[in-house]
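Right, one structure below, let's go through it.
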Amino acid sequence: MFNSLPAHFEQLRAMTWAEFQGYFDELAARPLDDAGVARWLADWSRLTDALAETYARLHVATTQNTADAESEALLKRFIVDILPNADSADNALQRKFVASGLLLEGMAIPVRNMRAAIENFREENLPIETEVQALRIDYNKVIGAQSVQWQGETRTLRQLEPVLQSEDRGEREAAWRAISSRQLDDREKLNGLWGEFLRRRVQIARNAGHPDFRSFMWKERLRFDYTPEDNQRFLDAIAEVVVPAATALYQKRRARLGVEALRPWDLSVDPLGRQPLRPFADVDELEDRAAAIFERLDPELASYYGMMRDDSLLDLGNRANKGPGGYCTSFPVSRRPFIFMNAVGLHGDIRTLIHEAGHAFHAYEKFKLPYAFQRAVTAEFNEVASMAMELLTFPYWSRDEGGYYSAGDADRARVEHLEKIIHFWPYMAVVDGFQHWAYTHPDAAADPSECDAAWARLCDRFEPYVDYSGLEADKANGWQRKLHIYLYPFYYVDYGMAQLGALQVWARMRQDHAGALAAYKRALALGGTATLPDLYAAAGARFEFTSETLGEAVELIMETIAELEG
């Protein structure tokens, strides 16, 4: 029967639930024993991949053009008519496989994950999850429609960001205020969406027997190797170790700019008055130079990137009605990843492309594993794949190595990159801390003014170095400007943890580049067949988030910045 399962998206997207259901029913009815378990898992994997690719391609279409009504309708049809039924049928197959006691090589961790999914699954949550998926589309439409008039032209907020690097402080302020004002215009819409997300998530957790949504998501995100209390200790370590380092960097910036206080429009401009880094002229150049960097890093990884270019699997430029942010997703039937981003000519675009390419390389390595369930890796290591790639490519950023910059500008870009890591951790702590507060205090979080106050308190603790005098509403509104809070609950601390892992990979690379790269690739190839501590160890890192480990990373960054600045 499975020989008839379509392998092309155009056929898959036309399938109804009744057609998909036949494949689930066949697996549910087929006897499961030692002789047939490998074939059974392979067929289940094919079905899982078909559904995943259909969803991924429909999601990509709606983010490529948030005004595309046809793609939106197709995605909503999939979410409403197919996804809940598939989740229910998949849960039955998970129960069947786990109950069989059969275990193939490389399936111990996937079975552990299935047990957690079974424990969290509730039939009554399926329609609620469908509603949450629809809200995600609504959120992207609100953000994708945001634009402003600037010097007689309509620009997306992303397209206005380069002005924040202007040497003219008045111009920077005007651009920042234009962006913030436009975001505040959608305040009521986003307040309404937040309330809808929150109400549904609280109900999902309650239905599944959890005391709160944080508890539900801990199991949903397969967090077996650390607790919410461990998470909080990591945030405390950031306050202890990173905030002083970030404060020192910002004080240096303030002194170099010659201003009494750093305002939010002073954070992107070069403090030494140098022209903004403009690493590429257009998307073609962005792609070409990335190809040269990957070729110098590793021919195999470069070949993966080349396949993506050949197969039109890169959508890198910013445009109107394009969804926000950047991501890498996978088309598992095609065995290909896809990268989406919003490049406007900044150094951050290089970082984003290299970061997402790390995810893509991870996907190519995982595609070599036989079963879909072995390719499920949690974000705490997924992000090591991407963040380590940023650092592994450090030596190749200069034009002498095929990259984007002169030697001097390459060092400047490296300094900016390392400084952003320091600045990121405190911001990550604000985002993560907000989510812990919101989902353990849902009654308070239902009030947007309480959300504003909670966000402001966290900013005061972790980001005390920026002066928001007279801009209190803009500051407090920051939680609405972070898409993870709406779309990906409890997916942000993962970045902070992975950044620490990536820095350990980089520290090894500085001593043994070939050995570090080989370990990195071996870890990627493990997919989801090992625990988080074992994945980190395979990559040459430790899965721990103490003040001591964090302090070692901060010391390495600060010393390297001093070396690069001479």
Matching entry among Ala14, Ala28, Ala67 (being under 26 Å from the mean Cα position of the chain (by Cα) and of a type outside the set (Val, Ile, Thr)): Ala67
Hey, Leu353 under 20 Å from the mean Cα position of the chain (by Cα) and under 23 Å from Leu316 (Cα atoms) or not: yes
Extreme residue, farthest from Trp17 (Cα to Cα), among residues of region 86-129 that are of a type in the set (Lys, Arg) and part of a helix (DSSP H, G or I): Arg112
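So for region 538-547 (the condition being assigned to a helix (DSSP H, G or I), crowded, with 19+ Cβ neighbours inside 10 Å and either among the aliphatic types (A, V, I, L, M) or touching a His at 6+ places or on another chain (Cβ under 9 Å) (or both)), does at least one residue qualify?
Here is the first cut: in region 538-547, the residues assigned to a helix (DSSP H, G or I) are 538, 547.
Keeping just the survivors that are crowded, with 19+ Cβ neighbours inside 10 Å gives none.
There is no residue in region 538-547 that is assigned to a helix (DSSP H, G or I), crowded, with 19+ Cβ neighbours inside 10 Å and either among the aliphatic types (A, V, I, L, M) or touching a His at 6+ places or on another chain (Cβ under 9 Å) (or both).
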Selection count, region 222-234, where residues are surrounded by fewer than 18 Cβ atoms within 10 Å (Cβ to Cβ), in contact with a Ser or Thr (Cβ under 8 Å, 6 or more places away or on another chain) and not in a helix (DSSP H, G or I): 2
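Residues that are more than 22 Å from the chain's Cα centre (by Cα), under 30 Å from Asn342 (Cα atoms) and either among the charged types (D, E, K, R) or modelled with pLDDT of 95 or more (or both): does region 74-92 have at least one? Step through it out loud before you land on a result.
First, pick out the residues of region 74-92 that are more than 22 Å from the chain's Cα centre (by Cα): 74, 76-78, 80-92.
Narrowing the set further to residues that are under 30 Å from Asn342 (Cα atoms) leaves 74, 76-78, 80, 83.
Remaining after also requiring either among the charged types (D, E, K, R) or modelled with pLDDT of 95 or more (or both): 76-77.
Yes.
Quick one: in region 1-38, which of the residues that are among the small types (Gly, Ala, Ser) and modelled with pLDDT under 90 is farthest from Glu72 (Cα to Cα)?
So the first thing to find is which residues in region 1-38 are among the small types (Gly, Ala, Ser), and the list is 4, 7, 14, 18, 22, 28-29, 35-36, 38.
Filter once more, so that each one left must be modelled with pLDDT under 90: 4, 7, 14.
Working: Ser4: 28, Ala7: 22, Ala14: 14 Å.
The qualifying residue farthest from Glu72 (Cα to Cα) is Ser4.
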Some residue of region 494-510 being within 30 Å of Ile137 (Cβ to Cβ), touching a Leu at 6+ places or on another chain (Cβ under 9 Å) and of a type in the set (Asp, Glu): no
Exclusive hit being under 30 Å from Ala320 (Cβ atoms) and either of a type outside the set (Ser, Thr, Tyr) or in contact with a strand residue (DSSP E or B) (Cβ under 9 Å, 6 or more places away or on another chain) (or both), set Glu119, Glu26, Glu131: Glu131
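Restricting to region 249-269, what's the tally of residues that are touching a Pro at 6+ places or on another chain (Cβ under 7 Å) and of a type in the set (Gly, Ala, Ser)? Before you say what the answer is, go through the steps one by one.
Step one: filter region 249-269 for residues touching a Pro at 6+ places or on another chain (Cβ under 7 Å), giving 253, 256-257.
Right, trim to of a type in the set (Gly, Ala, Ser) and you get none.
Residues in region 249-269 being touching a Pro at 6+ places or on another chain (Cβ under 7 Å) and of a type in the set (Gly, Ala, Ser): 0 in total.
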Residues being closer than 30 Å to Asp411 by Cβ and in a loop (DSSP other than H, G, I, E, B) - total across region 516-537: 0
The lone exception for Leu104 - which of (1) surrounded by 14 or more Cβ atoms within 10 Å (Cβ to Cβ); (2) modelled with pLDDT of 95 or more; (3) closer than 17 Å to Thr529 by Cβ it fails: (2)
Helices (runs of 4 or more DSSP H) contained in region 424-513 and holding at least 1 residues of a type in the set (Asp, Glu): 442-445, 448-462, 472-476, 493-509
Of the criteria (1) surrounded by fewer than 20 Cβ atoms within 10 Å (Cβ to Cβ); (2) without any contact (Cβ under 8 Å) to a residue 60 or more places away in the chain, which one Leu58 fails: (1)
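Would you point out which residue out of Ala208, Ala237 is farther than 30 Å from Thr546 by Cβ and of a type in the set (Gly, Ala, Ser)?
Values: Ala237 fails: farther than 30 Å from Thr546 by Cβ.
Within the list Ala208, Ala237, the selection yields Ala208.
The values are calculated or read from the model by the stated rules, or taken from the named source; none is laboratory data. Predicted model, so just to flag it, every value in this text is computed and none were measured. No Cβ is skipped: glycine too gets one built from the backbone with ideal geometry, and neighbour counts run over all protein chains shown.
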